[in-house]
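Asks: The structure follows.
The values are calculated or read from the model by the stated rules, or taken from the named source; none is laboratory data. If you're wondering where the values come from, they're calculated on a predicted model, not measured in any experiment. So basically every Cβ, Gly included, is an ideal-geometry build from the backbone, and we count neighbours across all protein chains shown. These accessible areas exclude ligands, DNA and RNA; they are computed on the full protein's heavy atoms, side chains included. Shrake-Rupley method; radii C 1.70, N 1.55, O 1.52, S 1.80 Å.
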Amino acid sequence: MYNVIKSLKSEFAPVTVHAHCDIPCGIYDPAGAVLAAKTVARMVELITTTEIAGPADHAGRNKVARCIAVKEEHAELVKREVQVIWSDYFKPEHLTKVPDLHDQVWKLLKLASKNKQSVDPAAAAELVAATEAFAKSFAASKA
Amino acid sequence: MVMTARRIWRAVVAERSMAPTLEPGDTLLVAPAGPHGLPWLRGVPRAGSIVIAEREGRFDIKRVAAWPVGTLRTPDALWLLGDNAAASSDSRQSGPVPLSALRGILLFRTGPSGRRGRVR
């Protein structure tokens, strides 16, 4: 009986039909990465300037904790946005226009990780500059 | 290989090129069509029908569209487009699909429960 049900189940199992969109829809924009990097920078600023009165200052500690969570999330978003453009948008022929692409992306991703690990305004400013440079490379590849 | 010929089969949608008509996770009942399908579904489906065609070993779901002006019409082929043009890769990129690749015609949406019914 069990086997009968099993064979019936496999017989009527649905087949996946694709309405695919990971194919050349061609909609890529580095603005998302720049925005996320700016969010990281702003969170670093808030974390370093928020005064906490002491262990009983729950409101202050809550605010800092939230800022840290947003910083972590947006640093990850920077990596995700850049990685998708790097792997899906850039084609070998773009490398003639942006010869240092791989190095640039590699350093940018490491910088995003550094911003997760630390609270460093200089690193955050570097991250914003790096995403803006990446956006320039993206524009250059289209020129 | 999944047997799709000669009996009604079930399908589940992945990805969003047919949105908002079909969303990922929609389950469908499909009638076998194309060269090995039901005898009365072997011809060219009407424009506007939602069909499933095989391409490179996988099944794609798209809508049969009118042939664009200026393209060379081939007799046993279909011009297939996704409803969500911005997110669809279809005949605009890959050209017409031969009738021999046709595997099914959408009959009915069986789920999720709130979306059950005919699809237009």
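Asks: In this structure, is B:ARG73 farther than 13 Å from A:HIS18 by Cβ, within 14 Å of chain A (Cβ to nearest Cβ) and either in contact with a strand residue (DSSP E or B) (Cβ under 8 Å, 6 or more places away or on another chain) or open to solvent by 20 Å² or more (accessible area, probe 1.4 Å) (or both)?
Replies: no
Asks: Suppose we filter the stretch A:83-111 for residues that are hydroxyl-bearing (Ser, Thr, Tyr) and open to solvent by 90 Å² or more (accessible area, probe 1.4 Å); how many remain?
Replies: Adding up the residues that qualify gives 1.
Asks: Would you pick out the residues in the stretch A:1-36 that are at pLDDT 80 or above and open to solvent by 60 Å² or more (accessible area, probe 1.4 Å)?
Replies: A:THR16, A:ASP29, A:LEU35
Asks: Another question, then. Are any of the residues in the stretch B:51-69 touching a residue at least 24 places away in the same chain (Cβ under 8 Å) and surrounded by fewer than 14 Cβ atoms within 10 Å (Cβ to Cβ)?
Replies: no
Asks: Here's another thing I want to ask about it. With respect to the numbered conditions (1) touching a Cys at 6+ places or on another chain (Cβ under 7 Å); (2) farther than 18 Å from A:LYS114 by Cβ, which one is the sole condition not fulfilled by A:LEU101?
Replies: In the conditions (1) touching a Cys at 6+ places or on another chain (Cβ under 7 Å); (2) farther than 18 Å from A:LYS114 by Cβ, A:LEU101 misses (1) alone.
Asks: Right, another one. Within the stretch B:70-120, work out how many residues are without any contact (Cβ under 8 Å) to a residue 40 or more places away in the chain and part of a helix (DSSP H, G or I).
Replies: Going through the stretch B:70-120 one residue at a time, the tally reaches 8.
Asks: Where the second residue is open to solvent by less than 20 Å² (accessible area, probe 1.4 Å) and the first is among the basic types (Lys, Arg) and lies in the stretch A:115-130, which pairs have Cβ atoms under 8 Å and are six or more apart or on separate chains?
Replies: A:LYS116/A:LYS71; A:LYS116/A:ALA75
Asks: Here is a follow-up. Among (1) closer than 30 Å to A:ALA140 by Cα; (2) in contact with a helix residue (DSSP H, G or I) (Cβ under 9 Å, 6 or more places away or on another chain), where does A:ALA122 come up short?
Replies: (2) is the only condition that A:ALA122 fails.
Asks: Which of the residues spanning the stretch B:102-117 are under 15 Å from the mean Cα position of the chain (by Cα) and either among the charged types (D, E, K, R) or open to solvent by 10 Å² or more (accessible area, probe 1.4 Å) (or both)?
Replies: Result: B:ARG103, B:ILE105, B:LEU106, B:LEU107, B:PHE108, B:ARG109.
Asks: Inside the stretch B:6-48, can you point out the residues that are surrounded by 14 or more Cβ atoms within 10 Å (Cβ to Cβ), in contact (Cβ under 8 Å) with a residue 12 or more places away in the chain and of a type in the set (Gly, Ala, Ser)?
Replies: Across the stretch B:6-48, the qualifying residues are B:ALA11, B:SER17, B:ALA19, B:ALA31, B:ALA33, B:GLY34, B:GLY37.
Asks: So, one more: Take the stretch B:67-90 and flag every residue that is at pLDDT below 85 and more than 25 Å from B:PRO39 (Cα to Cα).
Replies: B:PRO68, B:VAL69, B:GLY70, B:THR71, B:LEU72, B:ASN84, B:ALA85, B:ALA86, B:ALA87, B:SER88, B:SER89, B:ASP90
Asks: Name the single residue, out of those in the stretch B:42-70 being among the acidic types (Asp, Glu) and under 11 Å from B:LEU102 (Cα atoms), that is nearest to the other protein chains (Cβ to nearest Cβ).
Replies: Across the stretch B:42-70, the extreme among qualifying residues is B:ASP60.
Asks: Are any residues in the stretch A:112-134 over 25 Å from A:THR48 (Cα atoms) and open to solvent by less than 20 Å² (accessible area, probe 1.4 Å), and if so, which ones?
Replies: Within the stretch A:112-134, just A:PHE134 meets the criteria.
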